[in-house]
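Peer 1: Can you read through this structure? Questions will come right after.
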Amino acid sequence: MNDEIKNVPNRRPVAYKNEVFLNSPDARILRILSEYIEPLTHFRRENIRDTVVFFGSARITEDGPMGRYYREAQTLARIFTEWSEQFAAGSYRFVVTSGGGPGIMEAANRGAAEAGGKTIGLNIGLPFEQFPNSHISRWRKLRN
């Protein structure tokens, strides 16, 4: 009976296999939702229970006029990562996470890496400027 159902001509595919629908404006909410769910799958697989997200400008540099903020973000992420080690019991707790780009994001990932902790970059694809920074733990460069 299942083979009969599969081979019915002109039968529309179920919604989750219908690429026309999935790429339509009506399914935009499903695409957005998948951008939240897919990284959570990686987190579960790697035993990451909690994250702490650093937001900030991509244009602040360590040596620039606002370099103080870069250094403070780096220091905070390092101290935070050192503090979070006390909660490790088979899982990673309070993992420093950023957008994975330059500036404050790089400073946060750098501070966590200097403390020997895991660090995540949820990088987006921009046409010209943003690439994952070098301080993100290798497998955690999640890019769209």
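Values in this text are rule-based calculations from the coordinates and carry no lab data. Being a predicted model, the structure only gives us computed values, none of them experimental. Note: ideal-geometry Cβ built from the backbone for every residue, glycine included; neighbour counts use all protein chains shown.
Peer 1: To the nearest 10 degrees, how steeply does helix 67-84 sit against the main Cα axis of the chain, on a 0 to 90 scale?
Peer 2: 70
Peer 1: So for the pair residue 66, residue 131, with labels modelled 7 Å out along Cα→Cβ, what separation do we get in nm?
Peer 2: Using points 7 Å along Cα→Cβ, the separation is 2.3 nm.
Peer 1: Counting alpha carbon pairs within less than 8 Å and at least 6 residues apart, what relative contact order, in whole percent, applies to the chain?
Peer 2: 19
Peer 1: Around residue 77, under 13 Å between beta carbons, what's the net of Lys plus Arg minus Asp minus Glu among the other residues?
Peer 2: 0
Peer 1: Roughly how tilted is helix 28-45, in degrees to the nearest 10 and between 0 and 90, from the longest Cα axis of the chain?
Peer 2: The answer is roughly 60 degrees.
Peer 1: Moving on to the next point. Quote the FRET efficiency, to the nearest 0.05, computed for residue 55 versus residue 17 with a Förster distance R0 of 30 Å and r equal to the Cβ-Cβ distance. Let's see the in-between values first.
Peer 2: Details: r = 37 Å, r/R0 = 1.22.
About 0.25, to the nearest 0.05.
Peer 1: Which one, 107, 89, 115, has the greatest fluctuation when you compute a Gaussian network model over the chain with C-alpha springs under 10 angstrom?
Peer 2: 89
Peer 1: Choose one answer from 112, 27, 77: the residue with the largest mean-square fluctuation in a GNM of the chain with alpha-carbon springs under 10 Å.
Peer 2: 27
Peer 1: Using a Gaussian network model of the chain with C-alpha springs under 10 Å, which one of 99, 90, 67 is most mobile by mean-square fluctuation?
Peer 2: Taking springs between Cα atoms under 10 Å, the residue moving most is 90.
Peer 1: Which chymotrypsin sites (Phe, Trp or Tyr not before Pro) in the range 9-74 pass both tests, a DSSP loop state and at most 12 other beta-carbon atoms within 10 Å?
Peer 2: Listed in order of number, the matching sites are 55.
Peer 1: Follow-up. Just need the relative contact order of the range 13-91 here, percent rounded to a whole number, with Cα pairs under 8 Å and 6+ apart.
Peer 2: Once divided by the residue count of the range 13-91, the mean separation gives 20 percent.
Peer 1: Report the net charge of residues surrounding residue 116, where surrounding means a beta-carbon distance below 10 angstrom and charges are Lys +1, Arg +1, Asp -1, Glu -1.
Peer 2: Working: positive: 78, 118; negative: 82, 85, 114.
Charge balance in the 10 Å sphere: -1.
Peer 1: Next up: Plugging the Kirkwood radius over Cα pairs into Stokes-Einstein for the range 1-124, at a temperature of 20 °C and a viscosity of 1.002 mPa s, what D comes out in µm²/s?
Peer 2: 124
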